[in-house]
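A.B. asks: The structure follows.
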Amino acid sequence: MATGANIGASISIKLRDAYHFRLHPYGDDGLEINGVNGTIEDWREILLPLLLIERRGERFVDQRKSKLDTISRQDTSVDDPAPDG
């Protein structure tokens with residue numbers, strides 16, 4: 001669980017009309033989201049897959065971009081004429 005005191009700053013995030021999140025950072029390693037406390041690492045384990053973000057070492061990679069690049073390459077290969085054989 002997160003340790004430390006509430007830093008006092010909070011962030012409100014509204015996604016579309018249906019989702020509203022309230023974030024409260026705690027200490028150096030804690031975060032409260034809508035009243036649920038956890039470490040930053042715990043929240044990463046939960047949220048990154050839902051946001052289609054993958055952790056590779058110290059980097060975070062947007063999986064949506066990788067999937068779109070793959071789809072684009074497949075689309076262009078369909079348009080290329082087949083070699084005469």
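Since every read-out is calculated from the coordinates, none of them should be taken as a lab result. These numbers were taken from a predicted model, which means no experiment stands behind them. Note that we place each Cβ from the backbone using ideal geometry, even for glycine, and neighbour counts take in every protein chain shown.
Results for (1) surrounded by 10 or more Cβ atoms within 10 Å (Cβ to Cβ); (2) in a loop (DSSP other than H, G, I, E, B); (3) not charged (D, E, K, R), shown as yes or no for each residue.
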| residue | (1), (2), (3) |
| --- | --- |
| S12 | no, no, yes |
| D17 | no, yes, no |
| R22 | yes, no, no |
| E32 | yes, no, no |
| E45 | yes, no, no |
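A.B. asks: Mind checking which residues of region 47-66 are of a type in the set (D, E), surrounded by 12 or more Cβ atoms within 10 Å (Cβ to Cβ) and not in a strand (DSSP E or B)?
C.D. replies: Just the residues of region 47-66 that are of a type in the set (D, E), to begin with: 54, 58, 62.
Among the residues that remain, those that are also surrounded by 12 or more Cβ atoms within 10 Å (Cβ to Cβ) are: 54, 62.
Of everything in region 47-66, nothing turns out to be of a type in the set (D, E), surrounded by 12 or more Cβ atoms within 10 Å (Cβ to Cβ) and not in a strand (DSSP E or B).
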